[in-house]
Amino acid sequence: MRQSKFFIKTRKEAPADEVAKNAKLLMRAGFVDKLQAGVYTYLPLGLRVLKKIEQIIREEMNKEEGQEILMPSLHPKELWQTTGRWDSMDDLYKVTDASGRENALGATHEEVVVPLVKQFISSYRDLPFAVYQFQNKFRMELRAKSGILRGREFIMKDMYSFHRTEEDMKAYYERMKKSYAHIFERMGIGARTYLTYASGGSFSKYSHEFQTLTEAGEDVIYICDTCHIAINKEIIDDQKHMCPICGNEDLRTETSVEVGNIFELKTKYSAPFNLTYKDESGGDVTVLMGCYGIGLGRVLGTVVEVYGDDKGLVWPRAIAPFTVHLVEIPSADANVRAEAEKLYNELTARGVEVLWDDRDLRAGEKFAESDLLGIPFRVVVSEKTLAGETVEVKERITGEVSMRTRDELFKLFAV
């Protein structure tokens, strides 16, 4: 992609009304635009990152035999009344049309997915299975001050599993713990992300969150370094300030952001809708459920909080909008443009995603903007590099600069 043709508009200063680091950097770099508090537009660069995150999650959900669907955002009032959440969920957006019909804007999708799968489950032979989606969610968030970490409208991956027995449900739940850990590892935040014990409410002793350490976090967790797990602040007193696995009382306190959660729903939502199956003897048995959520924007914002520095964004390679920022230094020598174009075509042909800065700007402006965008590798073509038959390569995350021949460059990005 030529940067002169790309929909990018960077800013020299952060918006005055933003306090969160993630929002400041993402808006300065032209990744997102703020429509109102808690509601953001993903611009081309931001959407590329979001889609990378989505694809990693999709691949891991498919490995766990999840089947992708897409459910509506507009939910009939009656479904939410069935579970009692129409009146009890205080952050639910409710809308009424001209005929007086009432609906909820989907904050979560248990009330939709259970009636959906009820049409397809009749026998024990139909179980287990799992469905998931990437879908907009809406929540009446009154504290929308943390950029894309806490939104009123946001994209979530929510997955729902359906089981015959508690043993089967628990086994799948354990698989999802490992799957989530692998997802966050692939996204570059695995080492800072902890499986965190949280209250399970009325249907389980524990639920589990995945919390990523960052000073911008609004959550407090207590970490057991022996087991590499944590306990949420809301249940630490019940836990007697001890690790639930090894009993360690030497726990350290950190601030964090919740990037995912998993719950054993059991029959909490299947029972109100009478979701049952026929067992081997012909009896009706209520289906057991689990649910598993990841907020995509929340992950994106957390990565910015973890890696962003005083120069701008820093993207892990797996979710970066491009792998290479090819910076051409304007010159009267036509060979500089020819070399940049040749390199762009060759890298692209090898499957490397390249943003080519072909604009007529000073080198200093281009370098500062390159740091702001945070693309993993900056490759510079100039009169100087032509003379040495090399290119200059800077790795954004380390700041390391090296001169490389074309062959060395291609080996660096070998797929």
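Filtered by the rule that a residue be more than 20 Å from GLY151 (Cα to Cα) and touching a residue at least 40 places away in the same chain (Cβ under 8 Å), the stretch 72-101 gives THR82, THR83, GLY84. Looking at the stretch 367-380, can you tell me whether even one residue there is more than 22 Å from ARG317 (Cβ to Cβ), out of contact with any Cys (no Cβ under 6 Å at 6 or more places or on another chain), not assigned by TED's automatic domain parsing to the domain that holds LYS12 and not basic (Lys, Arg)? No, the conditions are met nowhere in the stretch 367-380. Summed over the stretch 137-151, residues that are within 18 Å of ALA16 (Cβ to Cβ) and surrounded by fewer than 17 Cβ atoms within 10 Å (Cβ to Cβ) total 1.
Residues in the stretch 190-199 that are touching a helix residue (DSSP H, G or I) at 6+ places or on another chain (Cβ under 9 Å) and under 11 Å from GLY260 (Cβ atoms): THR193, LEU195. In the stretch 103-112 there is no residue that is hydroxyl-bearing (Ser, Thr, Tyr) and under 18 Å from LYS63 (Cβ atoms).
The criterion of at least 1 residues that are under 27 Å from CYS291 (Cα atoms) is met, among strands (runs of 3 or more DSSP E) falling completely within the stretch 19-116, by 39-42, 66-68, 74-76, 94-96, 102-105. With respect to being more than 30 Å from the chain's Cα centre (by Cα) and either charged (D, E, K, R) or at pLDDT 95 or above (or both), ASP225 falls outside the description. Reported count of residues in the stretch 369-384, each being under 15 Å from HIS325 (Cβ atoms) and over 27 Å from the mean Cα position of the chain (by Cα), is 4. Would you mind telling me which numbered condition in (1) in a helix (DSSP H, G or I); (2) under 22 Å from the mean Cα position of the chain (by Cα); (3) at pLDDT 95 or above TYR132 fails? Going through the list (1) in a helix (DSSP H, G or I); (2) under 22 Å from the mean Cα position of the chain (by Cα); (3) at pLDDT 95 or above, TYR132 breaks only (1). Assess whether ASN232 counts as being out of contact with any helix residue (DSSP H, G or I) (no Cβ under 7 Å at 6 or more places or on another chain), without any contact (Cβ under 8 Å) to a residue 60 or more places away in the chain and within 18 Å of LYS177 (Cβ to Cβ). The answer is yes for ASN232. Of the residues making up the stretch 172-194, those that are in contact with a Gly (Cβ under 6 Å, 6 or more places away or on another chain) and at positive phi number 0. Being assigned to a helix (DSSP H, G or I), aromatic (Phe, Trp, Tyr) and out of contact with any Ser or Thr (no Cβ under 7 Å at 6 or more places or on another chain), is that true of even one residue in the stretch 181-203? No, the stretch 181-203 contains no residue that is assigned to a helix (DSSP H, G or I), aromatic (Phe, Trp, Tyr) and out of contact with any Ser or Thr (no Cβ under 7 Å at 6 or more places or on another chain).
In the stretch 153-177, the residue that is nearest to LEU275 (Cα to Cα) out of those that are assigned to a strand (DSSP E or B) and of a type in the set (A, V, I, L, M) is MET159.
The values are calculated or read from the model by the stated rules, or taken from the named source; none is laboratory data. In this text, all values refer to a predicted model and were calculated from it rather than measured experimentally. Cβ sites come from the backbone with ideal geometry, for glycine too, and all protein chains shown count toward neighbours.
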